[in-house]
Amino acid sequence: MDDDNRQFSRCEPADAAPPVCLDCAECQIEETSPAPGTSSQSATGRHRRALWITFALTFSYFIVEVVAGFLTNSLALLADAAHMLTDVGGLALALFASWMASKPATAGKSYGYYRVEILAALVNGVVLFLVSFYILYEGYRRFQAPPEVASLPMLGVAVVGLAVNLFGMWNLHRGSSESLNVQGAFLEVVSDTLGSLGVIAAAGIMAATGWYYADPIFSVLIGLFILPRTWKLMSRAVHILLEGTPSHIDLKELKGVMCSVPGVRMVHHLHVWTITSGMHALSGHVVLADGIPSHEAQLILEEVHSRLRKDFELGHTTIQVEYTPLSEKEPGP
């Protein structure tokens, strides 16, 4: 098996004694250098600096927005501040998950802590989902008796918030396409950007016309925009935690590519799953004809690994070889 495509365990006792079994306390899990096209660092880890910058700006503005929301009596501003709080918590959680994912694998956690990033994305989604429902409820309540709102101070605060959120979007945009964890933080910033736009629109309408229904209306629009996007984020996180097949991989097509390698008679017990965003793994059995020399079987196996890397960007693969007599009838598809 190609060493670039698998993990191996090696015992290194302090007294340089011969290697012992993998179950002993001295055994340490070590990973080979990443396969071409892969990285031992998670996608979130590559964008940690962007997360820190966005976190600092978002937290500072959150404090300003809460104070301004109470002073102006604006639900839209407080709704945006509540959403901003989820941004702050989400960014903090993303940073924590990124730090955890950078910790090395151990005998007890052979995959490392990469899945913490997916758990963080799920928690962010759940919190954002609940906040959206609260905004909808509060907006409905204020429809009954819309209070007077200090629209001009509200407008000034919202403009500052829009600038902060636009910078945050730009800062996290690249990482959002690579990491579900960063995507969760990015989605919250995008939603808050639209929230700031809604607050600006509501403040402008109230300043020009005195129609205070604009405040709860735009609050409800913010909540309705957030809900479906957080649902999608949560669905993707749950799919990964349930070890579902990555969305960009067709298992039937993948099996066909493996079977197309000369010498492979059958593929079964095939599983593909995601460890964390951008880091996928595969395990399966390939059946070769009985009597194939070991060196030829090794070449066939290397070709299978090569095609998996090239066609599906799968660098972490574990494949077991089995043999069947040449006279045995091959099963149908």
**Request:** For residues that are polar (S, T, N, Q) and either in contact with a helix residue (DSSP H, G or I) (Cβ under 9 Å, 6 or more places away or on another chain) or not assigned by TED's automatic domain parsing to the domain that holds THR54 (or both), scanning just segment 184-231, find the one that is surrounded by the fewest Cβ atoms within 10 Å (Cβ to Cβ).
**Result:** THR193
**Asked** Is there a residue being surrounded by 21 or more Cβ atoms within 10 Å (Cβ to Cβ), over 17 Å from the mean Cα position of the chain (by Cα) and not charged (D, E, K, R) anywhere in segment 138-149?
**Response** yes
**Item:** Selected residue (criterion: modelled with the highest pLDDT) from residues of segment 210-246 that are of a type in the set (Ser, Thr, Tyr) and within 19 Å of LEU78 (Cβ to Cβ)
**Value:** TYR213
**Asked** Quick check: is even one residue across segment 129-149 over 28 Å from ILE240 (Cα atoms), assigned to a helix (DSSP H, G or I), β-branched (Val, Ile, Thr) and in the same structural domain as ARG236 (by TED's automatic domain parsing)?
**Response** yes
**Message:** Could you check segment 92-149 and list, in sequence order, the residues that are acidic (Asp, Glu) and closer than 30 Å to ALA208 by Cα?
**Reply:** GLU138, GLU148
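Mind listing whichever residues of segment 273-291 are in contact with a strand residue (DSSP E or B) (Cβ under 9 Å, 6 or more places away or on another chain), over 15 Å from GLN320 (Cβ atoms), surrounded by 12 or more Cβ atoms within 10 Å (Cβ to Cβ) and of a type outside the set (Phe, Trp, Tyr)?
THR274, ILE275, MET279, HIS280, ALA289, ASP290
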**Prompt:** Can you spot a residue in segment 47-62 that is at pLDDT 70 or above, among the small types (Gly, Ala, Ser) and assigned to a loop (DSSP other than H, G, I, E, B)?
**Reply:** no
**Message:** I'd like the full set of residues that are of a type outside the set (Val, Ile, Thr) and farther than 13 Å from VAL123 by Cα, limited to segment 184-197.
**Reply:** PHE186, LEU187, SER191, ASP192, LEU194, GLY195, SER196, LEU197
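The values are calculated or read from the model by the stated rules, or taken from the named source; none is laboratory data. All values derive from a computational prediction rather than experimental measurement. Here the Cβ is made from the backbone with ideal geometry for all residues, glycine too, and neighbour counts use every protein chain on show.
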